[in-house]
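The values are calculated or read from the model by the stated rules, or taken from the named source; none is laboratory data. No experiment lies behind these values; they were computed from the predicted model shown. So basically every Cβ, Gly included, is an ideal-geometry build from the backbone, and we count neighbours across all protein chains shown.
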Amino acid sequence: MAEDAHTHDNQPTQESHAEHTGHPTPMTYFKVAMILSIITAIEVAIFYVEDLGHGIIPILVVLSVAKFALVAMFYMHLRYDAKLFTGFFVGGLILALTIGIALLGLFRFFG
Amino acid sequence: MNSSRRRSTRLWAALLPILAIPLLAACYPDNPQSTFDAVGPVAKSQLNLFYWIFWAAVFVFVVVGGILMWITLRFRRKPGDPDPAQTHGNTPLEIGWTIAPALVLVVIAVPTVLTIFDNLNSPDPDALTIDVVGHQWWFEFRYPHPDGNGDAVVTANELHIPVGEVVNVNLDSKDVLHSFWIPKLAGKVDLVPGNENFMWIQADEPGEYLGQCAEFCGEAHALMKFRVVAESRSEFDAWLTAEAAPAQDPVDPLAQQGKALFEGGKAQCWSCHTVAGSSKSRGQTGPDLTHVWNRGHIAAGVIENNQRNLRQWIEDPQSIKQGTIMFRDAKIYSDPERKLTDADVAALVAYLQTLK
Amino acid sequence: MTTLSIPVPSRPVHPTGVWGWITTIDHKRIGILYGVTAFIMFITGGLEALYMRAQLARPDQELVSPEVFNQLFTMHATTMIFLAIMPMGAAFFNYIIPLQIGARDVAFPRLNAFSYWTFLGGALILKLSWFFGGAPNAGWFGYAPITGIQYNPGHGIDFWAMSLQVLGIASLAAAFNFIVTIINMRAPGMSLMRMPLFTWMTLITSFLLVLAFPVITVALIELMFDRFFGMNFFVPAKGANPLLWQHLFWIFGHPEVYILILPAMGIVSEIIPTFSKKPLFGYPVVVLSGAVIGFMGWMVWSHHMFTVGLGPVANSVFALTTMAIAVPTGVKIFNWMGTMWGGSISFKTPMLFALGFIWLFIIGGLSGVMHSSAASDAQQQDTYFVVAHIHYVLFGGSIMALLAGTYYWFPKVTGRMMNETLGKINFWLVFISMNITFFPMHFIGLDGMPRRIYRYSSEYGWDFWNLVASIGAFALAFAILVFMINVIRSAMKGEKASADPWDGRTLEWSIPSPTPEYNFAQIPTVRGIDPFWAQKRERVPVAPVAGGSGEDDAHSIHLPQPSYWPFLASIGLFIGAYGLVYYQSIVGMTAGILGLALTIVSVYAWSFEPVNDPEEEH
Amino acid sequence: MAQAAATQHGEHEETTTGLNHRKLLMWAFLGSDCMFFGSLIATYVVYQGKSKVGPFPEDVFSIPVTSVSTFVLLMSSMSMVLAYAALTRGKMKAFRIWILSTAIMGMTFIGFQVFEFRDFANYEVHIDCAHLDVEKLTEFEKTFADQCADGVEEFEEQHGLTPRTNLFGTTFFTLTGFHGAHVTLGVIWLLSIAFHSFRGGVRPETNLDVDLAALYWHFVDVVWIVIFTVVYLFGVFPGI
């Protein structure tokens, strides 16, 4: 492994691997961006519908989770990349979420 | 000391005599804060639960430790031993020793949960309810006025309760965290500023029970003590009536001089202490002194309440309780011009002795 | 090579002496630095403990003022947890993990050096507080609101918080490094389920670190913002709930105690098979139980808060989850016993310490189960009973295992054996005096003695057992002195060690003692658990693999080269954090800014520095 | 440290899992950062509605403004991913355009945040006594309504929201401030990559450097998705 060999021998293995598994095209990214914008618009619109009251909360949660998942799956390539990456990220995410909900419960319902 | 302990001791005595004796003999139920001498229902339920878990733990220790000891003796290497068989595991065995501890845990989990729910709700929500407020480093106790007029009867560091009755206790703190603990009556509950907590206590026998702050609360944490005096209902009622009365103006000239000093600009005791009946002494940061001479101890239960100790406490509180807020805040200790003379101290003590 | 032309001092080339240590990025040297530093910190924490035990030996003594006593117990706990046990674990991670997985270094050697120097900086920030501005005095748990500026106007808490932040950076960097190293740098054939147990426990510990430290980081940020900028996170008068601190602290703090004990369990899981000449009994179950312990560590944090008034439902839930942790812990103990069963047990010093670990950990575990019962714990919470429990698991557990590990791997590190006679004396002294010190604390706890009180009066009846505990503490100090003598004496003139003095089972015993700089002349291929044992007994050849340079000649192995930047980045963090404690003064603020600037510049330069300098000839 | 490592291909390119060391580290870091933001968000949520004095979220929030900045950040994620896609295909010019536009959108977002912070700090209660409709006032404004009794037509009072004002200010500024700090770091990172690319330092073969920056950037974006919903949209429902 010569020191100066790095310019050609390192990265692409993984990327070419990704290409084979149907790497998304810029068009995919653009479509995702459109969906994200539409969801955000819906969120803001729902926000101004006063009749929903607290019913707004589950709707907004679902919409935000959808946005979150779209960015993570497409822009962060989790859909195409190694499962281990998803494991690292989702592991932290689920733990943070669980603990957040547990804290909310402890403060609101038992506190 | 109580029947259930004797019962469980008899039960296990045949099985585990060797371990039981030294372990339990090392704890002294006679000690003033021993958890082994439970005198109230809460402490008793906690003690029974403790014994139950303790014997389960002793059982586990004897079994596991016995096997471990046997293994280490039996399988010692002897010269010329060949390599042992390279066994990698035994699934039924492993499943077995996963389930076994789980079963032991069920045995302690059920009474644990039952006791948690038993102890949390007061058996008598309408009974006497006392507010306990933690301060650095003393306890304030507030009783409902015997006349039912809404004013609280305020005292400090000496909690009187009627014997054999449920007493509900609301717990709050003025500054940092504290914890309210009378080992012989009940396990501790913390005093958390802004989060009112609740517990209930009951003393089954008359007497004086020692308590102590159990949550670290700063410099004088070690000396934040209090006493619970459990007395008959009539004694308690008489005590509460006396506490509810305002202080009498002193007649003795020295005490009158002391009162003037107490409420004057030099000593400024009034700015922190309340003496009910006095128009000036309405301070809230220090203990209420309306009936201070009736209390058995001063300085949050650290020293006996007598003339000599009172004198020392006023002259040099640091020598009794390092870190006390009175020493930090009162100008008589920091401003040389306002330092009290011996005569001043004598007058103040004389005044405090009239507050009964 | 690099397109950026910042004026970089020429990188260190084959530095020797002190510079060699400062610029080193060799995992073995970093491991030694961690170990030595942590042991020095252990001594300072021990002296703090001795001072407290002297004060408590008799009732109503006045050897120390209450204020100093509060600083002593705060510093003792913070030191032992963050500056002694955790970095001792890191010392073993650093030295042993690459050897056990058949690697030549860790994944990020310079990040590794950065971790060590940052740890040292954090340690100095904490320890120097004794001399500059007063040590922290609110306990290692620092419960709000006593840490607030209103109740604690001095700089002690600032030093404590800053130090923990810096130590957090060090721990996170190290944990990321070990996660990547263990996942990505295993020798060919070493699947996850063929990894040695110590490597497994290190991996789980690293995940716990990575997930737990951000929580304490946030809690400390909130505390510092309260103190520095007058924010309201923990100010009850503004509606804040002081329990938030306790929750955040223990969400971190409970995984943290597993961070302290899992490496210990890993060490014991290496030693017991070696000295029983048997493979670990039920390897997959032991791995799984470690993972379950790590996972369940997140579900029990409120058992530290049984008396704060969470209500019966929360208390019951946390009591049950806590009890459940006893199952995987018990499983580990049974599997160790299963390993010894039918074995050929040799009672060399490492094995004695490992057995001592099991005995003491059983006691600590059982008293832990007692605490899990929320109702009866109301009597034990914040008493000496808890002090006894944590010392049985942290001293009887972690420290015993770390001592075992030191005796076990010492020949690999130094090439010399530790003295066996002194070792046995050392073990019995530690074991006996440890029990004399900590067992009586169970009694005085149940007799109603609260923790963290600087004095007690005779009427409470705690005199006798306190005196016994104090005598035990001084005996324990003597036992540690014997250990030090043994280490120094053995390092200088101990018997020369062979490559495989214990008839070991894992890869680190397949290479010479002391470890050569490149670790493995040939990267081995692994065909099962205990690969070295298999190689020795079954004559399975360890096929050389085209790893690393692909050449068999050790002299042509290219190792990562020393660097100044990790050291400078850490120095910057140290100066910056120290300065920020005094942010209100011009000097402090300037130091803070300059320090952080030095860190940023160093990291930037570091990122443009190649691992191997092309100019360098080998 | 990022593009840095372009040169730092290290000796273990053949890793056990086939995954790159640095990318593995980045994902472990993002998992860890989830806990960081999780703790900050949890703090915000448990204190929601617990402030003793105003102003409260419904007084200061302007959903239309924040929606715009949210949109900008979402779009920056798109341009980031397009930059990366361009790089892997060797389209250097497109790459530079997209990465610069990402950085610019990031700066725009920060600009919005600075504007918002200043706006909150200068918040004034404005009561139009002449057309007073108590029902439409926020809880905080209602506490001023009785000042109309003196026959004043309208009045304004400065009640700026700062981190010291109340729990809302403390938790809001800390949470969004740390998010803003993450964005700022990301912008600096992207600009260094852009700068580096103009000097020929970024090539399709070293796209990992850009990949890592992109992962970080998208993460900052998803954190904002959560903050926008939990802090802003739920902000008007105290006591959730």
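Results for (1) surrounded by 24 or more Cβ atoms within 10 Å (Cβ to Cβ); (2) assigned to a helix (DSSP H, G or I); (3) in contact with a Lys or Arg (Cβ under 8 Å, 6 or more places away or on another chain), shown as yes or no for each residue.
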residue	(1), (2), (3)
C:A378	yes, yes, yes
C:V386	no, yes, yes
C:V393	no, yes, no
C:G397	yes, yes, no
C:F410	yes, yes, yes
C:M418	yes, no, no
C:N426	yes, yes, no
C:M434	no, yes, no
- Query: Looking at C:D382, C:D377, which is the one that is in contact with a Pro (Cβ under 7 Å, 6 or more places away or on another chain), touching a residue at least 24 places away in the same chain (Cβ under 8 Å), within 14 Å of chain B (Cβ to nearest Cβ) and not hydroxyl-bearing (S, T, Y)?
  - Reply: C:D382
- Message: Looking only at the range B:103-119, filter to residues that are surrounded by fewer than 17 Cβ atoms within 10 Å (Cβ to Cβ) and not β-branched (V, I, T); which one of those is nearest to B:E235 (Cα to Cα)?
- Response: B:D118
- Query: List the pairs whose first member sits in the range A:77-103 and is of a type in the set (S, T, N, Q), whose second member is surrounded by 17 or more Cβ atoms within 10 Å (Cβ to Cβ) and not in a helix (DSSP H, G or I), and whose Cβ atoms are under 7 Å apart, counting only residues at least 6 apart or on separate chains?
  - Reply: A:T86/A:L78
- Message: Among the residues of the range C:258-275, are any surrounded by 23 or more Cβ atoms within 10 Å (Cβ to Cβ), at pLDDT 95 or above and charged (D, E, K, R)?
- Response: yes
- Message: If the requirement is being at the interface with chain B (Cβ under 9 Å from one of its Cβ atoms), among the aromatic types (F, W, Y) and within 30 Å of B:C27 (Cα to Cα), which of these qualifies: C:W341, C:W359?
- Response: C:W359
- Task: Look at C:T202 and say whether it is closer than 28 Å to D:G18 by Cα, more than 10 Å from every other protein chain (Cβ to nearest Cβ), of a type in the set (V, I, T) and surrounded by 24 or more Cβ atoms within 10 Å (Cβ to Cβ).
- Result: yes
- Is the range B:139-156 home to any residue that is in contact with a strand residue (DSSP E or B) (Cβ under 6 Å, 6 or more places away or on another chain), in the same structural domain as B:W239 (by TED's automatic domain parsing) and on the phi > 0 side of the Ramachandran plot? no
- Taking the range B:209-264 on its own, how many of its residues are crowded, with 17+ Cβ neighbours inside 10 Å and either within 30 Å of B:L191 (Cβ to Cβ) or without any contact (Cβ under 8 Å) to a residue 60 or more places away in the chain (or both)? 31
- Could you pull out every one of the helices (runs of 4 or more DSSP H) wholly within the range D:15-119 that has 2 or more residues that are without any contact (Cβ under 8 Å) to a residue 40 or more places away in the chain and closer than 18 Å to D:L208 by Cα? D:21-46, D:63-88
- Message: Could you check the range B:271-318 and list, in sequence order, the residues that are among the β-branched types (V, I, T), assigned to a loop (DSSP other than H, G, I, E, B) and free of Cβ contacts under 8 Å to residues at least 40 places away in the same chain?
- Response: none
- Item | Single residue of the range C:220-240 satisfying the filter (more than 7 Å from chain D (Cβ to nearest Cβ) and touching a helix residue (DSSP H, G or I) at 6+ places or on another chain (Cβ under 7 Å)) that is surrounded by the most Cβ atoms within 10 Å (Cβ to Cβ) | C:L223
- Item | Filter result (touching a helix residue (DSSP H, G or I) at 6+ places or on another chain (Cβ under 7 Å) and either outside the structural domain of B:F139 (by TED's automatic domain parsing) or in a loop (DSSP other than H, G, I, E, B) (or both)) within the range B:192-210 | B:P193, B:G194, B:Q202
- Task: Would you please name the residue that is nearest to the chain's Cα centre (by Cα), looking only at residues in the range C:186-202 that are assigned to a loop (DSSP other than H, G, I, E, B) and within 20 Å of C:N519 (Cβ to Cβ)?
- Result: C:P196
- Within the group D:S67, D:S51, which residue is within 29 Å of A:I46 (Cα to Cα) and within 9 Å of chain A (Cβ to nearest Cβ)? D:S67
- Note on the structure: Within the range A:67-83, of all residues that are part of a helix (DSSP H, G or I) and either surrounded by fewer than 16 Cβ atoms within 10 Å (Cβ to Cβ) or among the charged types (D, E, K, R) (or both), the one nearest to the other protein chains (Cβ to nearest Cβ) is A:K67
- Task: Output yes when any residue across the range D:166-174 is at the interface with chain C (Cβ under 10 Å from one of its Cβ atoms), buried (at least 18 other Cβ atoms within 10 Å of the Cβ) and part of a loop (DSSP other than H, G, I, E, B), and no when none is.
- Result: yes
- Message: Condition first: free of Cβ contacts under 8 Å to residues at least 40 places away in the same chain and more than 14 Å from chain B (Cβ to nearest Cβ). Now tell me which residues in the range C:295-314 satisfy that.
- Response: C:F295, C:M299
- Of these, D:V231, D:V210, which one is in contact with a Phe, Trp or Tyr (Cβ under 9 Å, 6 or more places away or on another chain), in contact (Cβ under 8 Å) with a residue 12 or more places away in the chain and within 21 Å of A:Y75 (Cβ to Cβ)? D:V210
- Task: Write out, first by first residue and then by second, each pair whose Cβ atoms fall under 6 Å of each other, whose residues are 6+ apart or on separate chains, and whose first residue, in the range B:188-202, is at the interface with chain C (Cβ under 8 Å from one of its Cβ atoms) while the second is of a type in the set (S, T, Y) and crowded, with 23+ Cβ neighbours inside 10 Å.
- Result: B:K188/B:S179; B:K188/C:T307; B:V189/C:T307; B:D190/B:S179; B:D190/C:T307; B:P193/B:S173
- Message: Being in contact with a helix residue (DSSP H, G or I) (Cβ under 7 Å, 6 or more places away or on another chain) and buried (at least 19 other Cβ atoms within 10 Å of the Cβ): is that true of C:G461 here?
- Response: no
- Task: Please list, ordered by first then second residue, the pairs with beta carbon atoms under 6 Å, 6 or more apart or interchain, first in the range C:589-611 and under 17 Å from D:I193 (Cα atoms), second part of a helix (DSSP H, G or I).
- Result: C:V603/C:A569; C:A605/C:W565; C:W606/C:W565; C:S607/D:A4; C:F608/D:A4
- Out of all the residues in the range C:343-353, is one or more assigned by TED's automatic domain parsing to the domain that holds C:V393 and under 30 Å from B:I108 (Cβ atoms)? no
- Can you find even one residue in the range D:220-234 that is modelled with pLDDT under 85, within 11 Å of chain A (Cβ to nearest Cβ), assigned to a helix (DSSP H, G or I) and over 16 Å from the mean Cα position of the chain (by Cα)? no
- Item | Some residue of the range C:260-282 being among the aliphatic types (A, V, I, L, M), in a helix (DSSP H, G or I), assigned by TED's automatic domain parsing to the domain that holds C:S206 and more than 24 Å from C:I399 (Cα to Cα) | no
